[in-house]
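Read-outs: derived from the displayed coordinates by stated rules, not from any lab. On a predicted model such as this, the values are computed, not experimentally measured, just so you know. Neighbour counts run over all protein chains shown; Cβ positions are idealised from the backbone, glycine included.
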Amino acid sequence: MSREKDVFLNDEIRAVEVRCVGDDGASYGVISRDEALEIANRMGLDLVLIAPDAKPPVCKIMDYGKYRYQQEKKQKEAKKKQKTIEIKEIKLGVKIAQNDINYKVKHAREFLESGKHVKFRVFLKGREMSSPEAGVVLLNRIWESVSDIADRDKEPLLEGRYVNMLVVPKK
């Protein structure tokens, strides 16, 4: 039975006195740990330490297996609802031919139509680093081809040896 390290159950609780709360919300007040364990055993439930830093520590009488199951169920439900954003990257060079640009734009349009984000990267080699404006001009040319189905998330920007532009599908 694997569980989180910070949860203490039944005999693992080392405090002498605890503030005990029932599963139904009933308060038993400040009682000894043994007395709280006895109450939990009578009910057929577990004594779970919820607030170890409180004075005295707070324990709750509950069915820990059921509680853990509900927590895992909540986490799975939250995971289902979250949307992952997929980013496709298209690499280009400054001296790329027009037909190659058209081919890469065609793929970018397919990605955008399927709801993916597209990151265009222009790699600057050698002396091309002295004039990164050429990469910006190329990305602006590409932007004109995809602007009807996309929005610019990031303007063309020099980052290291790359000029990057991020494009997202229109809503």
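A few comments on the model shown:
- Karplus-derived 3J(HN,Hα) values for the stretch 100-110, using 6.51 cos²θ - 1.76 cosθ + 1.60 with θ = phi - 60°, are 5, 4, 4, 5, 5, 5, 4, 5, 4, 5, 4 Hz; glycine and proline are entered as x.
- Share antiparallel - DSSP beta bridges, the stretch 87-169, percent rounded to 5: 65
- For the pair the stretch 78-150 and the stretch 1-62, the centres of their Cα atoms are 58 angstrom apart.
- For the pair residue 140 and residue 79, a Förster radius of 41 Å applied to the C-beta separation gives a FRET efficiency near 0.55, rounded to the nearest 0.05.
- Debye intensity ratio in log₁₀ form over the Cα atoms of the stretch 89-171, taken at each q of 0.11, 0.22, 0.23 Å⁻¹: -0.26, -0.98, -1.06
- In this structure the amide hydrogen of residue 90, modeled in the peptide plane, comes within under 5 Å of the amide hydrogens of 119, 120, 121, none closer than 5 places in sequence on its chain.
- The longest stretch of the chain left intact once loop-based GluC sites (Glu not before Pro) with at most 13 other Cβ atoms within 10 Å are removed from consideration, loops following DSSP, is 87-171.
- Along the axis of the charge dipole computed for the stretch 67-171 (Cβ charges of +1 for Lys and Arg, -1 for Asp and Glu, origin at the Cα centre), the listed residues 157, 70, 120 are led at the positive end by 70.
- When the alpha carbon gyration tensor of the chain is reduced to an equivalent ellipsoid, its three semi-axes come out at 63, 18, 12 angstrom, largest first.
- Charge dipole of the chain (Cα centre as origin; +1 on each Lys and Arg Cβ, -1 on each Asp and Glu Cβ, all else neutral): 1060 debye, rounded to the nearest 20.
- Amide H within-cut-off set for residue 150, under 5 Å, with H built and near neighbours excluded: 170
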